[in-house]
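Novice: A single structure is presented below for examination.
The values are calculated or read from the model by the stated rules, or taken from the named source; none is laboratory data. What you see is a predicted model, and the numbers here were worked out from it, not measured in a lab. Cβ sites come from the backbone with ideal geometry, for glycine too, and all protein chains shown count toward neighbours.
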Amino acid sequence: MPNPKRITEKLFQSPSKYIQGPSAIQNAAKYLGQLGKAPLITCDALVYGIAGQALIEALEKANFNVTYNQFNGEATSQEIDRLQSLGKERSVDFVIGVGGGKTIDTAKAVADKLQVPSAILPTTASTDAPCSALSVLYTAEGAFDQYTFFNSNPSVVLVDTSVIAKAPPRFLAAGMGDAVATNVEARLCTHSPNFGGGLPTEVSVAIGEKCEEILFKYGRQAYEANKAHAVTPALEAVIEANTLLSGLGFESGGLAAAHAIHNGFTAIEELHHLLHGEKVAFGTVAQLVLISSPTETLDRYISFMLSVDLPVTFAQLGIPNVKDEELREVARRSCAPGETIWNMERVVTEEAVFSAIKGADAAGRDFIARTGWKKV
Ligand SMILES: [Zn+2]
């Protein structure tokens with residue numbers, strides 16, 4: 001299945017500018033002025049208090065003409081259409097999405113429909129959504145709907161690390177779950193077209209490796225710093241790994257089974273409250289099982305996941321009594337035509353994915369029993 005169109009060009013894409021630091025919102029006008037003076041800003045009510053209001057004040061002080069509208073909470077096509085009409089009515093120059101993955105994915109889609117640039121200000125380091133030229137859309141009920149692709153990446157990604165340091169550490173951990181998948185997935189699809197439609201370049205492979213290196217080196221330390229709301233070098237490094245490296249790595253490197261299994265998991269209603277990266281973390285272990293990784297390798301990843309409280313068993317996912325027929329449905333969805341699992345350069349069957357998911361839970365339980373691991 002990989003590369004059915006026999007693509008021979010390599011392709012790498014990225015945002016035009018990535019800015020990260022503890023006063024980024026205060027200095028936002030300096031970086032956003034190049035996109036125009038009339039932005040449409042969207043964020044949810046909670047994020048408005050955390051960052052939205054401060055951003056609007058900073059921009060209005062610099063004479064921007066801001067249109068603000070509250071995000072309704074789900075990245076659906078109806079919400080995108082609603083914000084697009086507003087942006088059109090107000091003739092905005094660009095769209096700013098402030099918040100988590102769903103707000104960001106919606107803002108990117110709105111900007112694409114309006115054919116204006118987008119600027120992304122993530123308030124958590126929970127996903128790799130900020131840098132990419134694609135969005136994941138959901139149904140109004142919260143199930144995975146589709147990937148949508150845009151002509152360009154966000155023009156500016158502005159990450160205020162003092163805001164992220166105040167977010168609950170669970171978000172940072174989820175971002176690490178998403179980021180740790182980057183290298184595991186990208187190294188299996190070096191001959192399959194990436195999300196830009198070309199083959200991965202050497203640098204996308206290197207980005208995935210660097211991302212993993214940072215997580216193993218600083219993940220736990222950053223998680224603890226986040227609990228203390230301290231912007232330390234370790235936290236800065238992990239924020240960059242979760243946001244920039246994971247974003248560039250997955251988009252130009254490629255996704256494989258971990259994300260396909262995540263998408264399959266959205267079929268189980270009891271998992272809807274989990275964050276994207278929490279399910280991707282489990283999917284990553286399942287992928288490692290699927291590709292016959294040695295126990296030593298599994299242990300290394302499972303130990304990392306547990307060090308930042310990411311789930312590695314069905315019980316930790318909150319589905320201790322999940323039935324085989326539910327897991328078969330997850331496997332069936334993971335193997336849907338067009339899913340990223342087909343980027344892997346090996347034969348995959350629904351039955352093998354079903355077994356790998358059960359094998360991941362078994363490996364997680366075994367690690368915990370064997371090492372006596374306990375949540376601190
Ligand atoms: Zn992801």
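Novice: For the subset of the range 233-254 comprising residues that are in contact with a strand residue (DSSP E or B) (Cβ under 8 Å, 6 or more places away or on another chain) and among the aliphatic types (A, V, I, L, M), which member is nearest to the ligand (Cβ to nearest atom)?
Specialist: 244
Novice: Residues of the range 31-79 being assigned to a loop (DSSP other than H, G, I, E, B) and within 19 Å of residue 89 (Cβ to Cβ), which ones?
Specialist: Passing the criteria: 36, 37, 38, 64, 65, 66, 71, 72.
Novice: Looking only at the range 270-317, filter to residues that are within 14 Å of the ligand (Cβ to nearest atom) and outside any helix (DSSP H, G or I); which one of those is nearest to residue 125 (Cα to Cα)?
Specialist: Top of the filtered list is 275.
Novice: Same structure again: Could you list all residues from the range 1-40 that are under 30 Å from residue 233 (Cα atoms) and of a type in the set (Val, Ile, Thr)?
Specialist: Across the range 1-40, the qualifying residues are 19, 25.
Novice: Name the helices (runs of 4 or more DSSP H) wholly within the range 161-269 that hold at least 3 residues that are polar (S, T, N, Q)?
Specialist: 202-227
Novice: Something else about it: Kindly indicate whether residue 203 is more than 12 Å from the ligand (Cβ to nearest atom) and touching a Pro at 6+ places or on another chain (Cβ under 7 Å).
Specialist: no
Novice: Further, regarding this structure: Name the pairs: first residue in the range 222-244 and outside the structural domain of residue 125 (by TED's automatic domain parsing) and among the small types (Gly, Ala, Ser), second residue part of a loop (DSSP other than H, G, I, E, B) and buried (at least 21 other Cβ atoms within 10 Å of the Cβ), Cβ to Cβ under 7 Å, at least 6 apart or on different chains?
Specialist: 230/165
Novice: What's the number of the condition residue 331 fails, among (1) touching a Phe, Trp or Tyr at 6+ places or on another chain (Cβ under 9 Å); (2) of a type in the set (Gly, Ala, Ser); (3) surrounded by fewer than 17 Cβ atoms within 10 Å (Cβ to Cβ)?
Specialist: (3)
Novice: On to the next question. Restricting attention to the range 226-234, does a residue exist that is surrounded by 20 or more Cβ atoms within 10 Å (Cβ to Cβ) and in contact with a Gly (Cβ under 8 Å, 6 or more places away or on another chain)?
Specialist: no
Novice: Follow-up question, since we're still on this one. Please verify whether the range 205-216 includes one or more residues that are of a type in the set (Gly, Ala, Ser) and farther than 23 Å from residue 7 by Cβ.
Specialist: no
Novice: Could I ask something else about it? Restricting the search to the range 255-269, which residues are more than 12 Å from the ligand (Cβ to nearest atom) and within 22 Å of residue 192 (Cα to Cα)?
Specialist: 257, 264
Novice: Still on this structure, please answer the following. So residue 190 clears everything in (1) at pLDDT below 95; (2) among the polar types (S, T, N, Q); (3) within 12 Å of the ligand (Cβ to nearest atom) except one condition, right? Which one?
Specialist: Of (1) at pLDDT below 95; (2) among the polar types (S, T, N, Q); (3) within 12 Å of the ligand (Cβ to nearest atom), only one is false for residue 190: (3).
Novice: Would you mind telling me which numbered condition in (1) of a type in the set (A, V, I, L, M, F, W, C); (2) buried (at least 20 other Cβ atoms within 10 Å of the Cβ); (3) touching a helix residue (DSSP H, G or I) at 6+ places or on another chain (Cβ under 6 Å); (4) modelled with pLDDT of 95 or more residue 47 fails?
Specialist: (3)
Novice: Going through the range 86-125 one residue at a time, which ones are at pLDDT 95 or above and assigned to a loop (DSSP other than H, G, I, E, B)?
Specialist: 90, 91, 92, 93, 115, 116, 117, 123, 124, 125
Novice: If residue 37 passes every condition in (1) crowded, with 21+ Cβ neighbours inside 10 Å; (2) out of contact with any helix residue (DSSP H, G or I) (no Cβ under 8 Å at 6 or more places or on another chain) but one, which one does it miss?
Specialist: Single failed check for residue 37: (1).
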